[in-house]
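The values are calculated or read from the model by the stated rules, or taken from the named source; none is laboratory data. Keep in mind the model is a prediction, meaning the values are calculated, not measured. Positions of Cβ are generated from backbone atoms using ideal geometry, with glycine treated the same way; all protein chains shown enter the neighbour counts.
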Amino acid sequence: MQVIPSIDLQAGRSRLVFWPGAATGAGAPTDRPERIARHFVDRGAPLVHVVDLDGAKAGGPVNLEAVGRIAAEVATPLQLAGGIDGPDQVRLAFAAGATRVVMPLAVADRPEALRESIAVAGDWLAVGLDPRPERLREFPWRRPMAPTLEGLVGELVTAGVRRFVLSHGGAAPDTTLLAGLARGFDADFLVAGGISEVAAIPRLRDAGVTGLILGEALLAGAIDFAAAVRAAA
């Protein structure tokens, strides 16, 4: 299972200040996303997940210059989420230096936009889902009834989606549910958030999760990257 650092972009900077030497007083804190990405890539990160918080609000990528700085700094694949709502936004993300994109749940109700986006991104397109049943029920679907998680994943896999990013709003991931998804569908499942200690990581690995995306827990020092990688192996 991959351990993937995540950087939230806001006004061209990381929303969280990162100080890798805080425990010893060495080095200096930084909010420059390219420096944060370099730190983790130098330590073996196979992928960097980037969330354009401003883009998510605007409905289109906003922090593309920051994405470009990260891409110029590291050769590792970049996965961009936030404001990627259709094929034009996918093209903008790729032009800036992203190599993977994450589209929001709403694209499940926009089959033409999904089809066109897959035509641009292929297997490098993921869809972000919140697997909590109440979140699926509360979503403003355009269809008569809210789908189940399994039904929705099956629908998206049939449409050509091969990767999903599952966010839990800070709640602990349901490993039984994750194991069922991993067994039942030919797709990669990445978990974002909900993990605040290294001890929980092997349970995700054993459930068949492809990658664990760590943001605040990693940048704030609650989880050590090297320890997380060892636990995920």
In the range 10-47, how many are in contact with a Pro (Cβ under 6 Å, 6 or more places away or on another chain) and closer than 20 Å to Thr99 by Cα? 5
Of everything in the range 86-103, what is closer than 25 Å to Arg143 by Cα and in contact with a Gly (Cβ under 6 Å, 6 or more places away or on another chain)? Give them in sequence order. Gln89, Val102
Which residue pairs have Cβ atoms closer than 8 Å, lie 6 or more positions apart in sequence or on different chains, and pair a first residue in the range 157-170 that is in contact (Cβ under 8 Å) with a residue 40 or more places away in the chain and over 14 Å from Arg115 (Cβ atoms) with a second residue that is acidic (Asp, Glu) and assigned to a helix (DSSP H, G or I)? Arg163/Asp123
Every residue from the range 20-30 that is surrounded by fewer than 17 Cβ atoms within 10 Å (Cβ to Cβ) and either within 14 Å of the chain's Cα centre (by Cα) or not polar (S, T, N, Q) (or both): Gly21, Ala22, Ala23, Gly25, Ala26, Gly27, Ala28, Pro29
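Do we have Ala81 as over 14 Å from Ala11 (Cα atoms) and surrounded by 19 or more Cβ atoms within 10 Å (Cβ to Cβ) here? I'd like the intermediate steps shown before the answer.
Details: over 14 Å from Ala11 (Cα atoms): yes; surrounded by 19 or more Cβ atoms within 10 Å (Cβ to Cβ): yes.
Taking the combined requirement at face value, the residue satisfies it.
Keeping to the range 117-168, report how many residues are of a type in the set (A, V, I, L, M), outside any helix (DSSP H, G or I) and touching a Leu at 6+ places or on another chain (Cβ under 6 Å). Before the answer, list the steps.
So the first thing to find is which residues in the range 117-168 are of a type in the set (A, V, I, L, M), and the list is 118-121, 125-127, 129, 136, 145-146, 149, 152-153, 156-157, 159, 161, 165-166.
With the extra rule that they be outside any helix (DSSP H, G or I), the set shrinks to 125-127, 129, 145-146, 161, 165-166.
Applying the additional criterion that residues be touching a Leu at 6+ places or on another chain (Cβ under 6 Å) yields 127, 129, 146, 165-166.
Qualifying residue count for the region: 5.
For (1) surrounded by 15 or more Cβ atoms within 10 Å (Cβ to Cβ); (2) in contact with a helix residue (DSSP H, G or I) (Cβ under 6 Å, 6 or more places away or on another chain); (3) closer than 19 Å to Gly82 by Cβ, each residue gets a yes or a no:
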{"position": "Gly122", "(1), (2), (3)": "no, no, no"}
{"position": "Asp130", "(1), (2), (3)": "yes, no, yes"}
{"position": "Arg135", "(1), (2), (3)": "yes, no, yes"}
{"position": "Pro140", "(1), (2), (3)": "no, no, no"}
{"position": "Ala146", "(1), (2), (3)": "yes, yes, no"}
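Here is a yes/no grid of residues against (1) out of contact with any strand residue (DSSP E or B) (no Cβ under 7 Å at 6 or more places or on another chain); (2) farther than 18 Å from Ile4 by Cβ; (3) of a type in the set (Lys, Arg):
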residue	(1), (2), (3)
Ala81	no, no, no
Gly97	no, no, no
Ile118	no, yes, no
Arg132	yes, yes, yes
Would a scan of the range 5-12 turn up a residue that is touching a His at 6+ places or on another chain (Cβ under 8 Å) and among the hydroxyl-bearing types (Ser, Thr, Tyr)? yes
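For the range 36-106, please list each of the helices (runs of 4 or more DSSP H) lying entirely inside it that holds at least 3 residues being touching a Lys or Arg at 6+ places or on another chain (Cβ under 7 Å) and either at pLDDT 95 or above or of a type in the set (A, V, I, L, M, F, W, C) (or both). Spell out how you get there, then give the answer.
On the way: elements: 53-58, 64-73, 87-96.
Those helices (runs of 4 or more DSSP H) do not exist here; none qualify.
Yes or no, residue by residue, for (1) surrounded by fewer than 18 Cβ atoms within 10 Å (Cβ to Cβ); (2) modelled with pLDDT of 95 or more; (3) within 16 Å of the chain's Cα centre (by Cα); (4) of a type outside the set (Phe, Trp, Tyr):
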position	(1), (2), (3), (4)
Ile195	no, no, yes, yes
Pro202	yes, yes, no, yes
Arg205	yes, yes, no, yes
Ala220	yes, no, no, yes
Arg230	yes, yes, no, yes
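Step by step: first the residues of the range 128-151, then only those that are under 13 Å from Phe189 (Cβ atoms) and not charged (D, E, K, R), then the one that is modelled with the lowest pLDDT. Which residue is that?
Taking the range 128-151 first, the residues under 13 Å from Phe189 (Cβ atoms) are 128-129, 131, 149-150.
Filter once more, so that each one left must be not charged (D, E, K, R): 128-129, 131, 149.
On the way: Gly128: 97, Leu129: 96, Pro131: 91, Leu149: 95.
Within the range 128-151, the match that is modelled with the lowest pLDDT is Pro131.
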Scanning the range 114-163 for residues that are under 20 Å from Asp88 (Cα atoms) and of a type in the set (Phe, Trp, Tyr) gives Trp124
Quick check on my filter: what residues within the range 173-182 are in contact with an Asp or Glu (Cβ under 8 Å, 6 or more places away or on another chain) and among the polar types (S, T, N, Q)? Thr175
